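Engineer: Quick one: structure below, then a few questions.
The values are calculated or read from the model by the stated rules, or taken from the named source; none is laboratory data. What you are looking at is a predicted structure, and each value in this text was computed from that prediction instead of being measured. Note that we place each Cβ from the backbone using ideal geometry, even for glycine, and neighbour counts take in every protein chain shown.
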Ligand code: ADE
């Protein structure tokens with residue numbers, strides 16, 4: 001990297017390919033594009049310096065361009081060492097955007113990129129997984145006084161931030177974008193459902209119909225994966241630790257069992273728990289020859305890859321994002337995307353249409369923080385329901401759907417308790 005360059009990407013010559021990818025995403029993100037048109041005149045983010053750490057995808061590029069159109073200055077890094085799309089990163093760098101991201105970062109490079117991004121001395125932060133916020137608090141506390149607030153995109157990040165706040169360690173307000181219905185009810189369910197299977201299919205091209213597909217974790221993401229796998233003819237098994245989630249899975253018609261048992265039966269395993277060590281040494285050892293293992297959770301802790309490497313007698317890449325491990329028994333197991341987010345590493349992440357709503361929420365949350373009409377103390381905040389309704393209505397409109405409105409008498413009925421039989 002040249003000292004006077006404000007970016008570091010893999011290969012700038014990929015920029016024209018990246019621009020076409022972004023153009024495609026823009027054509028499929030009508031809500032966010034509508035906000036861009038509306039706010040590029042008002043420029044509510046003027047004077048704001050945003051440090052962002054979020055997967056560098058074509059959809060993220062649409063968000064980045066929208067934040068800039070609304071007046072922000074920003075600096076960007078990825079939030080996962082393997083999820084950056086190098087063509088998109090090149091396109092953003094060519095547009096003059098300060099970006100430090102490429103596919104295949106080492107751990108040191110990952111933190112180097114976060115530090116570079118923080119050089120902007122942010123007034124706002126945008127995270128996916130909360131690594132940037134932690135880095136800021138931990139290594140750059142001198143920057144805290146400038147920060148008005150931040151946003152967090154994902155379940156794992158919100159859990160970490162709530163834990164941080166509980167200990168009194170969080171020093172500024174953060175809006176939990178993840179927790180708003182127009183984010184999690186769509187992105188986590190339909191986005192992960194489709195993109196995780198997309199990743200598995202791109203890395204393997206196996207037929208899902210008839211396969212025993214084990215989904216570890218029946219939260220919103222696991223529910224989406226199970227639903228879509230069932231739709232493609234897989235026989236779905238769910239493993240859970242939460243009795244209510246497990247019961248929901250059972251009543252949805254899935255088999256529910258312990259991972260110890262599922263390990264012997266499954267053809268394909270997808271983890272979506274947010275927990276570490278969900279698939280371990282003794283599970284690999286029980287698996288059938290040819291078992292395929294992938295992770296759809298934020299961190300690469302769910303499948304214990306270290307233990308797999310330790311017990312394997314050989315290891316080779318058999319297809320892109322697909323590594324074969326031969327075990328002492330002679331059985332082969334296939335690990336996808338090194339146990340990292342299979343949807344972003346082996347595929348392109350969630351489709352643009354669903355990121356449209358997630359990123360409309362991100363954008364409006366940052367505008368709310370920038371406008372500073374309310375004084376928010378450090379803590380984790382939710383997005384207002386009116387914003388959620390507005391985004392849902394705009395999305396429906398873009399899809400050509402219309403909904404009914406309650407008449408005045410119906411509204412009155414809602415508030416009364418006297419009318420009955
Ligand atoms: N997370 C999941 N899918 C994504 C996408 N397409 N862009 C950014 N973040 C994502």
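Engineer: Determine, yes or no, whether residue 361 is in contact with a helix residue (DSSP H, G or I) (Cβ under 8 Å, 6 or more places away or on another chain) and within 13 Å of the ligand (Cβ to nearest atom).
Structural biologist: Against the criterion (in contact with a helix residue (DSSP H, G or I) (Cβ under 8 Å, 6 or more places away or on another chain) and within 13 Å of the ligand (Cβ to nearest atom)), residue 361 qualifies.
Engineer: Tell me, yes or no, whether region 329-352 has at least one residue that is over 30 Å from residue 305 (Cα atoms), modelled with pLDDT of 95 or more and either within 16 Å of the ligand (Cβ to nearest atom) or in a helix (DSSP H, G or I) (or both).
Structural biologist: Within region 329-352, one or more residues are over 30 Å from residue 305 (Cα atoms), modelled with pLDDT of 95 or more and either within 16 Å of the ligand (Cβ to nearest atom) or in a helix (DSSP H, G or I) (or both).
Engineer: Just checking, does region 400-420 include any residue being part of a helix (DSSP H, G or I), away from the ligand (no atom under 16 Å from the Cβ) and within 27 Å of the chain's Cα centre (by Cα)?
Structural biologist: No, there is no match, as no residue in region 400-420 is part of a helix (DSSP H, G or I), away from the ligand (no atom under 16 Å from the Cβ) and within 27 Å of the chain's Cα centre (by Cα).
Engineer: How many residues, within region 353-370, are touching a strand residue (DSSP E or B) at 6+ places or on another chain (Cβ under 8 Å) and either crowded, with 24+ Cβ neighbours inside 10 Å or part of a loop (DSSP other than H, G, I, E, B) (or both)?
Structural biologist: Adding up the residues that qualify gives 4.
Engineer: Among (1) crowded, with 23+ Cβ neighbours inside 10 Å; (2) over 19 Å from residue 220 (Cα atoms); (3) touching a residue at least 40 places away in the same chain (Cβ under 8 Å), where does residue 329 come up short?
Structural biologist: The number of the failed condition is (1).
Engineer: Here's another thing I want to ask about it. Check region 68-81 and report whether any residue there is modelled with pLDDT of 95 or more, in a helix (DSSP H, G or I) and either more than 16 Å from the ligand (Cβ to nearest atom) or touching a strand residue (DSSP E or B) at 6+ places or on another chain (Cβ under 6 Å) (or both).
Structural biologist: Checking region 68-81: at least one residue is modelled with pLDDT of 95 or more, in a helix (DSSP H, G or I) and either more than 16 Å from the ligand (Cβ to nearest atom) or touching a strand residue (DSSP E or B) at 6+ places or on another chain (Cβ under 6 Å) (or both).
Engineer: Going by the structure shown, is residue 40 surrounded by fewer than 22 Cβ atoms within 10 Å (Cβ to Cβ) and either closer than 29 Å to residue 399 by Cα or within 16 Å of the ligand (Cβ to nearest atom) (or both)?
Structural biologist: Taking the combined requirement at face value, the residue satisfies it.
Engineer: Which of the helices (runs of 4 or more DSSP H) contained wholly in region 152-257 include at least 1 residues that are within 16 Å of the ligand (Cβ to nearest atom) and over 25 Å from residue 291 (Cα atoms)?
Structural biologist: 155-166
Engineer: Applying the selection to region 228-246, what residues are within 15 Å of residue 209 (Cβ to Cβ) and surrounded by 17 or more Cβ atoms within 10 Å (Cβ to Cβ)?
Structural biologist: Across region 228-246, the qualifying residues are 228, 229, 230, 234, 235, 236.
Engineer: Separate question: Where the second residue is modelled with pLDDT under 95 and surrounded by fewer than 19 Cβ atoms within 10 Å (Cβ to Cβ) and the first is within 19 Å of residue 116 (Cα to Cα) and lies in region 4-26, which pairs have Cβ atoms under 9 Å and are six or more apart or on separate chains?
Structural biologist: These pairs meet every condition: 7/1; 8/1.
Engineer: Restricting attention to region 115-151, report how many residues are away from the ligand (no atom under 16 Å from the Cβ) and part of a loop (DSSP other than H, G, I, E, B).
Structural biologist: Going through region 115-151 one residue at a time, the tally reaches 8.
Engineer: With respect to residue 289, determine if the residue is touching a helix residue (DSSP H, G or I) at 6+ places or on another chain (Cβ under 7 Å) and in a loop (DSSP other than H, G, I, E, B).
Structural biologist: It is false that residue 289 is touching a helix residue (DSSP H, G or I) at 6+ places or on another chain (Cβ under 7 Å) and in a loop (DSSP other than H, G, I, E, B).
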